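Please read the structure below before turning to the comments.
The values are calculated or read from the model by the stated rules, or taken from the named source; none is laboratory data. Source: prediction; values computed, not measured. Glycine also receives a Cβ, built like all others from the backbone with ideal geometry; neighbour counts cover every protein chain displayed.
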């Protein structure tokens, strides 16, 4: 069992991270910090070049998040997944038999969320594990 | 990892790259989605609206034949894309492949050509999308108000760019349905137009179909080369259908079968629409309305379907809107890739981490595209069409380069198997030679302004040639500047394929 949290270095996922660390402490569960790094816009043309650029920026942020969790006495590790945020969370939650999934709300922006659905919404629809949404 | 691939592709040699776990297997692309990807990148309804009129004006009843023959080089070059993609785990494109096979000079120009295609096409896409959408709602006056259309088209470019930047993807399923709806609309148009034309209810100029329509050589070479060039544009993007890795699909045979089906669909809709238009209204109608540019397709759709003409108009508009994504994304990603390899300034390699997109290069593609669109609109009404022809020159150039690069990259293995020799060597080279030949013919033809669609003359030659030379000249200046700056990109050296990357059946020794 574990607690899985989606983290992309943004403000709202930062709040999700805070909540997830506290929960991991209280429940004494290991924390898995997940970040989907697949370029938006599909496979094909220079996909890997974009993904490398994304990883360069996000990997250090995710590493800092792991260190933050460890500094609070939580067993933590991170997974970068070649997928979008929702698929990344779903894949890791399944693999690590997540007790719950923690996500932020609103990192994508309100207009976009209203038009195309927020990560949190899509997690509700898809996840078999309970989803905790941390509002910003 | 071998040293030679590390030399040519610095991005792969970074051992410091953190491990990235593969995504969900259940998200593999299914058969219909794979078919849809090829159709989506080609945008049949938009392509027909953009080029069918000019092709008929140029070659008359030979239009179906020209559309058929244009697919041949596309098919051969797609083979090059397939085999280059297979040995490139980086999911590169012409820029990466040509650099690896033929060195930085050729690679740079190939990348530049791709980036510029995005710039040239976006204005036309937005223009067509806006006009046809206005026509759907019966706002015909608004659709022919150039100022209004220009403003709306700029708004649409900004909106579509923003969608590319925030990385929002319409779900694969929605996209697949939209694509098949587009094909259905075209098939309805073909069926009704043929039925009306053949029963004598078409316009007086409507022709009786003849097998000779499939002979592309009926008109002179100048008309033929101009027609074929537009035909290449009509199939532009189809290579995405064969560019799918076997790992991304749900079975090893999916990409092949999907490519075949998307080919059949494209050929039927393109040739069928051309025949239907000739039968219903005839070439004279198109020649009389040549000044109407892309709007001529709207006239014909209404002629064929009457009150239901909006079905085709909507299909064209949706197809053009969807196509902005499949044209902006390759252009901006190529610019990013060039920046990361130090062929462009590093500035263009910046990304939006939150959206996982090449934000800077995407906005730049849009900004230059808007400037281009507005300037060209001011210069001439028909210049938008001339810039499509110029765009076709760029496409023929980078496709041709990719075809040669494929054979060059695989050169050591070509004589080891019949399959490899034909599919990796002969096919791509023949396709590349055809396109190079077409390029030369077109340049000669365009040296005479009368062969331009608009019949205008800039500096004594046809506008598309001026546009094409202008873009290559700017590219050459930037390329030389980059070479003088001596960035690390210029130290990349050509390499060849490794034996263990290629199956035995094609001359390699991969397990």
Point to revise | Filter result for the condition that a residue is at pLDDT 90 or above and either farther than 28 Å from residue B:373 by Cβ or assigned to a helix (DSSP H, G or I) (or both), over B:203, B:224, B:178, B:186 | key: B:186
Exercise for review: For residue B:151, state whether it is at pLDDT 90 or above, closer than 21 Å to residue B:44 by Cβ and more than 14 Å from every other protein chain (Cβ to nearest Cβ).
Suggested key: no
Practice item. Determine, yes or no, whether residue B:64 is closer than 14 Å to residue B:275 by Cα and away from every other protein chain (no Cβ under 13 Å). Key: yes
Practice item. Answer with yes or no whether residue B:149 is surrounded by 15 or more Cβ atoms within 10 Å (Cβ to Cβ) and in contact (Cβ under 8 Å) with a residue 24 or more places away in the chain. Key: no
Check your understanding: Given (1) more than 14 Å from every other protein chain (Cβ to nearest Cβ); (2) more than 27 Å from residue A:84 (Cβ to Cβ); (3) modelled with pLDDT under 90; (4) in contact with a helix residue (DSSP H, G or I) (Cβ under 8 Å, 6 or more places away or on another chain), where does residue B:3 come up short, assuming only one miss?
Key -> (4)
Exercise for review: Please enumerate the residues belonging to segment B:227-245 that are modelled with pLDDT under 85 and not in a helix (DSSP H, G or I).
Suggested key: B:242, B:243, B:244, B:245
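Can you tell which of A:46, A:29 is on the phi > 0 side of the Ramachandran plot and surrounded by 18 or more Cβ atoms within 10 Å (Cβ to Cβ)?
Working: A:29 fails: on the phi > 0 side of the Ramachandran plot.
Just one listed residue meets the conditions, A:46.
Could you list all residues from segment B:454-475 that are modelled with pLDDT under 85 and over 20 Å from the mean Cα position of the chain (by Cα)? Explain how you work it out, then say what you get.
So the first thing to find is which residues in segment B:454-475 are modelled with pLDDT under 85, and the list is B:454-464.
B:454, B:455, B:456, B:457, B:458, B:459, B:460, B:461, B:462, B:463, listed by residue number.
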Point to revise | Some residue of segment B:485-495 being in a loop (DSSP other than H, G, I, E, B) and loosely packed, with under 15 Cβ neighbours inside 10 Å | key: yes
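Between B:170, B:165, which is touching a strand residue (DSSP E or B) at 6+ places or on another chain (Cβ under 6 Å), under 30 Å from residue A:40 (Cα atoms), within 14 Å of chain A (Cβ to nearest Cβ) and modelled with pLDDT under 90? Show your work before the answer.
Working: B:170 fails: touching a strand residue (DSSP E or B) at 6+ places or on another chain (Cβ under 6 Å).
Sole residue among the options that is touching a strand residue (DSSP E or B) at 6+ places or on another chain (Cβ under 6 Å), under 30 Å from residue A:40 (Cα atoms), within 14 Å of chain A (Cβ to nearest Cβ) and modelled with pLDDT under 90: B:165.
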Exercise for review: Kindly indicate the residue of segment B:82-103 that is in contact with a helix residue (DSSP H, G or I) (Cβ under 6 Å, 6 or more places away or on another chain) and surrounded by fewer than 24 Cβ atoms within 10 Å (Cβ to Cβ) and also farthest from the other protein chains (Cβ to nearest Cβ) among those meeting that condition.
Suggested key: B:102
Point to revise | Residue under evaluation residue B:367, criteria (1) touching a residue at least 60 places away in the same chain (Cβ under 8 Å); (2) under 27 Å from residue B:96 (Cβ atoms), criterion not met | key: (1)
Practice item. Only one of these is within 14 Å of the chain's Cα centre (by Cα), buried (at least 23 other Cβ atoms within 10 Å of the Cβ) and under 27 Å from residue B:337 (Cβ atoms): A:10, A:6, A:36, A:41. Name it. Key: A:36
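Just to verify a result, which residue in segment A:14-42, among those that are assigned to a loop (DSSP other than H, G, I, E, B) and within 12 Å of another protein chain (Cβ to nearest Cβ), is modelled with the highest pLDDT? Quick ask: steps written out before the conclusion?
So the first thing to find is which residues in segment A:14-42 are assigned to a loop (DSSP other than H, G, I, E, B), and the list is A:28-30, A:37-42.
Within this subset, residues satisfying the condition of being within 12 Å of another protein chain (Cβ to nearest Cβ) are A:37-42.
Details: A:37: 88, A:38: 85, A:39: 84, A:40: 80, A:41: 74, A:42: 72.
Looking at residues that are assigned to a loop (DSSP other than H, G, I, E, B) and within 12 Å of another protein chain (Cβ to nearest Cβ), I get A:37.
Please enumerate the residues belonging to segment A:92-104 that are within 12 Å of another protein chain (Cβ to nearest Cβ), surrounded by fewer than 24 Cβ atoms within 10 Å (Cβ to Cβ) and not in a loop (DSSP other than H, G, I, E, B).
Of the residues in segment A:92-104, the ones within 12 Å of another protein chain (Cβ to nearest Cβ) are A:92-96, A:104.
Now drop any that are not surrounded by fewer than 24 Cβ atoms within 10 Å (Cβ to Cβ), which leaves A:94-96.
Matches in segment A:92-104: A:94, A:95.
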Study note, to complete from the structure: Picking from B:123, B:111, the residue that is under 30 Å from residue B:493 (Cα atoms) and either touching a helix residue (DSSP H, G or I) at 6+ places or on another chain (Cβ under 6 Å) or at pLDDT 90 or above (or both) would be B:111
Revision key, fill the gap. By residue number, the members of segment A:43-83 that are in a helix (DSSP H, G or I), farther than 17 Å from residue B:23 by Cα, touching a helix residue (DSSP H, G or I) at 6+ places or on another chain (Cβ under 8 Å) and at the interface with chain B (Cβ under 7 Å from one of its Cβ atoms) are A:49, A:53
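Consider residue B:57 carefully, then state whether it is touching a helix residue (DSSP H, G or I) at 6+ places or on another chain (Cβ under 6 Å) and part of a helix (DSSP H, G or I). So that I can check it myself, show each step before the final result.
Numbers: touching a helix residue (DSSP H, G or I) at 6+ places or on another chain (Cβ under 6 Å): yes; part of a helix (DSSP H, G or I): yes.
So residue B:57 passes the test.
Considering each residue of segment B:399-420, count those that are touching a residue at least 12 places away in the same chain (Cβ under 8 Å) and surrounded by fewer than 24 Cβ atoms within 10 Å (Cβ to Cβ), and give that number.
First pass over segment B:399-420, keeping only residues touching a residue at least 12 places away in the same chain (Cβ under 8 Å): B:399-417, B:419-420.
Right, trim to surrounded by fewer than 24 Cβ atoms within 10 Å (Cβ to Cβ) and you get B:404, B:407-408, B:411-417, B:419-420.
Within segment B:399-420, residues that are touching a residue at least 12 places away in the same chain (Cβ under 8 Å) and surrounded by fewer than 24 Cβ atoms within 10 Å (Cβ to Cβ) number 12.
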